[in-house]
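Structure record follows, encoded as C-alpha cells.
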Amino acid sequence: MALSIFVLSLALLLPILLTLWARRRALSSAESDRAVLWFSCVRFIRFLVIGTLVFWWILIDLLSFKLQIKLFLLAHGIEHPSEVSLLFVIWIAPMPVVVFCQVLFQPVYAEVRGSDWSRSEIAVLAALGLTSSLIPILLIVSGVHYMEVEDSGKSFVLCYIAAAAIWIASTYLVRAKREFVPSAVTSGELRDRAFALAAEAKVRLGQIYVVPAGKARQANAFAHSANNLIFTEYLINELTKREVDAVIGHELTHLKKGHPRWLGSSFTFSLGAVIAAWAFLPWPTYAGPIFDVLFAAVPLLTFYFVSRSFEFIADAGSVKLTGDGVALISALAKLHGLNQLPLSWGKWSEKLLTHPSTLRRARAIARVASIPESRIAEILQSVAAFRSLATAGDQQHYSIPSSSTGAAKVFSTKLKASMMRPARFLRAFITVFLPALLLFCLTKLLPSIPDFIAAIVVLILGLAASLTFSNWGPFLSYAGLRRKLTEKFTQQGIFLAQWNGRLTGFSPGDHPRIYEGNHSWDIGGLFLFNDRLCYWGEETTFSLRPSQILSWEVRRSKPSWFFGKSLFLTWCADDSSEPAAFNIRPADVRSIRQMNREVKSLSLRLAAWKSSPDQFPPTPQILADLAPPSLGEVTGTPVRDLGKFRAFANFLILTITCSCILIWLLGAAFDADSPSGFSAASYAPAISTLVLLFTYLPGWLFRKSFSAPKKLPQPSIGTSPQSK
C-alpha cells in the first residue's frame, strides 16, 4: 500500500507542475493576440481538470487501491466500511489539488483576461464546481453499488436523494458566487421585439432575462428549457439592435427545436450506453481502466458533437427568421472579440468544444443566406474596425429598463424567487410529507386504530392544513418586502404613512395574470389627493384625475378557496383615447381573507374620493408632475393557464412518487394481516393525491372568473363613472 500511495502522490504532483509551467508560459508570452492566448489557457484548464480526475481514476483501478484500503481497514478492525466512505476517502485527495491548480492560475486570469477574481473567490468557485459535479456522481455510483452488491434499496434511494440535494444546493451557490442573477425584462423595446420574433417563429416564449455584467463580463445568450431567453447585460450593451435580433433568432431556434432538452438527453443516453455495456457484457478484468476513460470520453464527446450540430441548425434558423445573415456573422464576431476568443481554431481543438469556430459558422451562415465568400472577410474586418474605433454612438442599441437591472430594486426577480421558496417548500410538505408522517405516527402511537379510520383522520387534517396554507401562505414573506419598500420610498421623498397612502400591488390589464410567480407586477404606494390618484412604484409611476377614471369593480383574481379578489379600474386620458385598465390589491395584508376585506374598503374609499375629492389632502409637489399610465406590453401568464392538466399531471406523478419513497424509507410496508389488506401507510399516496386535487380544484371550478372582459367601457370624460 505504501508504494501505491507514493505513486498516487506523484500523480497529484504532476498537475501542479503542469500548471506552474503553463502559468509561466502564459505570463511571459510575447503573443500579441490576447484572444489566442486566452483560448489556449481556457483549453489548458479544462483539460487539466478533466485529465487529472480521469488519470486518478485509471490509477486507482490499475493499483486496485480500493481493495488495498479495505484490507488496511480490516487489519485495523473495520470489517465493513460503507461504499460512500470508501469512495470519499479515495477521491478526497485530487479535489483540493484541482482547486489549488486553478488558484495558481489566478495571475493569468488577471493579466490575460482582465478578470478581477481574487484567489479566494476562484478557490470557492472551483470547490463548488467540483461539489456540484463530482460528489453527486460519487453518491450515484455508491447507490448503484448498494443496489447491485448489497441489495439495499433504501441506501440506493438515499444516495440519489443526497446527490440531487447537493447538486441543487451547490449549483445555486455557484450562480450566486458568479453573480449570475437574472432579472426579468417584462416590458420595453427588447421584450417586445423578442416576443414579436417568437410569434413569427411560432415559439411560445415565457420570459426574457438579463444578467448584470458582474465580474465575469461575459457576453453570451442562453435558451432555457422552460422557454425563457437569458442575455448578459454586456451583450445587450455592446451589440446593435440588428445583431441582438440575430442572436434572439438563434436562441428561438434552439427553443423551437427543443435543443436544451436534447442536449441533456444526449449526455444521459451516452453515459447510460457505456454503463450498460460495462454491466451486461463480459469484459476481462484489465478492461477497467479502458472503461474509466470511456465513462468520461463518450458522454462528453457526444455532448460536444450534438451541441456543435445544434449551433449550425440554430444559425440557419436565425437567418430564416430574420433574413439578416450579415448581422448574425457580425454578432458572432463581436461576441468572440468581447469574450477574448479567436475567430478560428483547429478541427481537433473543436472536438472538445461545444461551439464550432466563428469562421466555420460564418461560412455556413453565408451559404444559407447566399452571401458571397468574399463578403465574409469584409464583414469580419468591419467588426474589427468597429471594435478598435469604438464608434458605439453611431449604432442603435436596445436599452434595458432601469427597473429590470437596477441594483437598488427591492421587488426584484431574485427577491420574488426567494419569497416563493418558503411557500413552495411548505406546500410540498403539506401535500407530500405531512400525510405520510401523520399516518406513520398515528399507527405507531395508536396501533389498534383501523387503517381506514386513520386514513380519514389524516385526510381531514391534510385538507385543513392545505386550506389554512392557501389563506396565509402567499403572504409569508411579505413583511420584509413591505419594510424594505417603505424605507426605499422614504429615501425618495415618498411618505406612505404621512400622506395616508398604502402599499398596493399593481398589474396592467383588465384580467389577472402571473408575473414571475407573483400576482403583482409591481408593488408601490397608492395615494388619493384632492385632484388626483397617484401611484409610485419601482416599475412605473402615474397619476389619474377623477374624470379620467371610467369605472371600477371588485373581481376574483386568485384561484383559491377564499376567492382572492382585486380592484379592476378602467381609465382613459381623454375622449379621443382608447380606454385601458389595470388592477390593484393591498399588499400590506397577511392573508387572502384580509386582502378581500381591504379590497372592498379600497373600493368604498375610491367612491368617496370620486364624489368628494376636496375632503382629501393636496398633492405633494414631488407627485404633481406625474402623467397618466404609459405602459406597453408586459410579460405575464394568464391565471386561467395555471390549472392546465399537463402541469397537474406532472405534479401528481412527482407527488405520488415522493410519497411512496417516504413511506418506504419510514419502514411502513405492506401488511397482509391488516383487515383491509394494506397497512395504513399505504393510504398516504392517495391522501396526497386528494390534497393536490383540493389545491387545483378552485382553478378548475372558477376558470371563467379569470377571463378578460370582452369590452371595456367607452370613454366619457366629464361624466361621473359608476362604481360596481
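Per-structure values
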| quantity | calculated |
| --- | --- |
| Normalised contact order of the chain, rounded percent, pairs of Cα under 8 Å and 6 or more residues apart | 11 percent |
| Inter-site label distance for residue 562 and residue 686 at 7 Å from Cα along Cβ, in nm | 3.1 nm |
| Gyration tensor (alpha-carbon) shape descriptor, the stretch 326-375, a/c threshold 1.5 | oblate |
| Probe 1.4 Å, protein heavy atoms only - accessible area per residue of the stretch 551-590 in square angstrom | 36 Å² |
| Selection from 172, 485, 29, by position along the positive dipole direction of the chain (Cβ) | 485 |
| Gain in span if fully extended, residue 225 to residue 72, counting 0.36 nm per residue against the direct Cα distance | 50.3 nm |
| FRET efficiency for residue 633 and residue 382, using Cβ-Cβ distance with R0 set to 30 Å, rounded to 0.05 | 0.30 |
| Ordering of 581-589, 526-534, 196-204 by burial proxy (mean other Cβ atoms within 10 Å per residue, highest first) | 581-589, 526-534, 196-204 |
| Accessible heavy-atom area order of 633, 516, 179, highest first, probe of 1.4 Å | 633, 179, 516 |
| Residues of type lysines that residue 414 reaches as a straight line, Cα spacing below 24 Å, ignoring anything fewer than 8 places off in the same chain | 177, 215, 484, 488, 558 |
| Whole-Å semi-axes of the ellipsoid equivalent to the stretch 112-205 (Cα gyration tensor, √5λ, descending) | 38, 24, 10 |
| Volume per residue that the Cα convex hull of the stretch 253-308 spans, once the total is divided by residue count, Å³ | 60 Å³ |
| The chain - mean residue ellipticity at 222 nm from DSSP helices (-39,500 (n - 2.57) per run, n ≥ 4, rounded to 500) | -19000 deg cm²/dmol |
| Length released on extending from residue 13 to residue 495, taking residue separation times 0.36 nm less the Cα-Cα span | 167.1 nm |
| The stretch 1-109 - percent relative contact order, Cα under 8 Å, separation 6 or more | 48 percent |
| The stretch 432-569 - convex hull of alpha carbons, volume per residue in Å³ | 147 Å³ |
| Largest-first principal axis extents, alpha carbons of the stretch 498-550, Å | 36, 28, 14 |
| Kirkwood-based Rg to Rh ratio, the stretch 520-638, C-alpha trace | 0.95 |
| Semi-axes of the equivalent ellipsoid for the stretch 92-133, Cα gyration tensor, largest first, Å | 20, 10, 7 |
| Translational diffusion coefficient (Stokes-Einstein; Kirkwood radius from C-alpha pairs) of the chain at 10 °C, 1.306 mPa s, in µm²/s | 53 µm²/s |
| Dipole magnitude of the chain, debye to nearest 20 (Cβ charges: Lys/Arg +1, Asp/Glu -1, about Cα centre) | 920 debye |
| Semi-axis lengths (Å, descending) of the ellipsoid that matches the C-alpha gyration tensor of the stretch 4-74 | 36, 12, 6 |
| Highest to lowest packing among 431-439, 39-47, 342-350, scored as the average C-beta count within 10 Å | 431-439, 39-47, 342-350 |
| Extreme residue, positive dipole direction of the chain, given options 270, 319, 141 (C-beta unit charges) | 319 |
| Point-to-point label distance, residue 531-residue 85, nm (Cα→Cβ direction, 7 Å offset) | 8.0 nm |
| Anisotropy class of the stretch 428-476 from Cα gyration tensor, a/c 1.5 cut | prolate |
| Dipole of the chain, positive end: most advanced residue of 659, 282, 87 [Cβ charges, Cα centre] | 659 |
| Modelled FRET efficiency - R0 30 Å, residue 651 with residue 445, Cβ distances, 0.05 increments | 0.45 |
| Over the stretch 92-251: Kirkwood hydrodynamic radius from C-alpha pairwise inverse distances, Å | 18.6 Å |
| For the stretch 1-141: Kirkwood Rh in Å [reciprocal of mean 1/r, alpha carbons] | 16.8 Å |
| For peptides 499-511, 411-423, sequence by mean Cβ density within 10 Å, most packed first | 499-511, 411-423 |
| Simple Cβ-charge dipole of the stretch 238-305, Lys/Arg +1 and Asp/Glu -1, about Cα centre, in debye nearest 20 | 240 debye |
| Orientation-averaged projected area, Cα convex hull of the stretch 65-128 (nm²) | 5.5 nm² |
| Rounded to the nearest 20 debye, dipole of the stretch 229-276 from Cβ charges on Lys, Arg, Asp, Glu | 280 debye |
| Convex hull of Cα atoms in the stretch 171-307, direction-averaged projection (nm²) | 10.6 nm² |
| Simple spin-label estimate for residue 111 and residue 545 in nanometres, 7 Å along Cα-Cβ | 6.9 nm |
| Stretch gain in nm, segment residue 353-residue 199, where the contour uses 0.36 nm per residue and the Cα spacing is subtracted | 52.3 nm |
| Shape category assigned to the stretch 293-350 from the gyration tensor of Cα positions, a/c cut at 1.5 | oblate |
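The values are calculated or read from the model by the stated rules, or taken from the named source; none is laboratory data. Here the structure is a predicted model, which means the values were calculated and not measured. Don't worry about glycine lacking a Cβ; one is built from the backbone with ideal geometry, like all the others, and counts go over all protein chains shown. Quick note on the areas: whole protein, heavy atoms, side chains included, nothing else; ligands and nucleic acids left out. Shrake-Rupley method; radii C 1.70, N 1.55, O 1.52, S 1.80 Å.
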